[in-house]
């Protein structure tokens, strides 16, 4: 089938490469003509995935009309802050029954909407799905094995994506819990920053394991309060992605946290990263959602204090350790 991936960052490029290797007709829609030309001429994305060869059949385009013409599945892989604008920009070029898949792990600032809800507002009438789970872009682009989840309120849409994109190296499970899958993907980035901070502080692996465990507990509380299912958070989209992002060397959010733990200012850490770390913005969204629902999220609150209120990382960790004692 014809698949269009919207967004030429590392994850978008990796998914386009996977779809191309799966035998589909794949078009990658980018904004940067320089990157598009490099992909066409060098068969790699030199900015986001240098050194990773891309399939010959993958077309890199900057014209939305040409990129989206006849696409049966459209995968959005753009930063959450640009998701609405991009969806609004391309909606007129979408095939009427195209399945729209969000692979963006974020929450819209201000509205606090999940990405499939943003897509529903900007492209009403299309089947919607969310793709998430433990999957570093470079490893997927290199064809290394991974397992993820596609969630949709429409079982037919989830099954179409599952059957169309699953391979022996990319196993896709289906779910009906769109809320849980999307929130897990967005909020694990907040915990990953905290895990990076304690690593940067040199506090060892014990506290990293504790942060992951307690972080999962608070993500689950918020997700359930918003209508998600607790069992989703125990699966690939929850625990699986949280462990990977909090411990893996390729994790952007963990790297930002490590820099903060070593005393690097946030602005410099993000500049050095050179890519989007969704957890920075998602921290504000997580805290806003938690405040509105009265859900306790102490790790997220401390990350907000570090990222936006000038609290030192060491003080934030100390306050988490010195909270009042209670039952698990």
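The values are calculated or read from the model by the stated rules, or taken from the named source; none is laboratory data. A quick note: this is a predicted structure, and the numbers were derived from the prediction, not measured. Don't worry about glycine lacking a Cβ; one is built from the backbone with ideal geometry, like all the others, and counts go over all protein chains shown.
I need a count of the residues in region 1-15 that are over 16 Å from residue 99 (Cα atoms) and not in a loop (DSSP other than H, G, I, E, B). Result for region 1-15: 5. Within region 16-28, the set of residues being in a loop (DSSP other than H, G, I, E, B) and in contact with a helix residue (DSSP H, G or I) (Cβ under 9 Å, 6 or more places away or on another chain) comprises 22, 24. What residue, of 290, 269, is modelled with pLDDT of 95 or more and not assigned by TED's automatic domain parsing to the domain that holds residue 108? Only one candidate passes the filter, namely 290.
No other residue among 148, 86, 161 is in contact with a helix residue (DSSP H, G or I) (Cβ under 8 Å, 6 or more places away or on another chain) and modelled with pLDDT of 95 or more apart from 148. Restricted to region 293-309, and to residues there that are without any contact (Cβ under 8 Å) to a residue 24 or more places away in the chain and farther than 18 Å from residue 216 by Cα, the residue that is surrounded by the fewest Cβ atoms within 10 Å (Cβ to Cβ) is 309. All conditions in (1) under 15 Å from residue 251 (Cβ atoms); (2) in the same structural domain as residue 287 (by TED's automatic domain parsing); (3) out of contact with any strand residue (DSSP E or B) (no Cβ under 7 Å at 6 or more places or on another chain) hold for residue 185, with the sole exception of (3). Here residue 125 qualifies as free of Cβ contacts under 8 Å to residues at least 40 places away in the same chain and not assigned by TED's automatic domain parsing to the domain that holds residue 186. Of the residues examined, residue 227 is not one that is surrounded by fewer than 17 Cβ atoms within 10 Å (Cβ to Cβ), closer than 28 Å to residue 141 by Cβ, assigned by TED's automatic domain parsing to the domain that holds residue 200 and touching a residue at least 40 places away in the same chain (Cβ under 8 Å).
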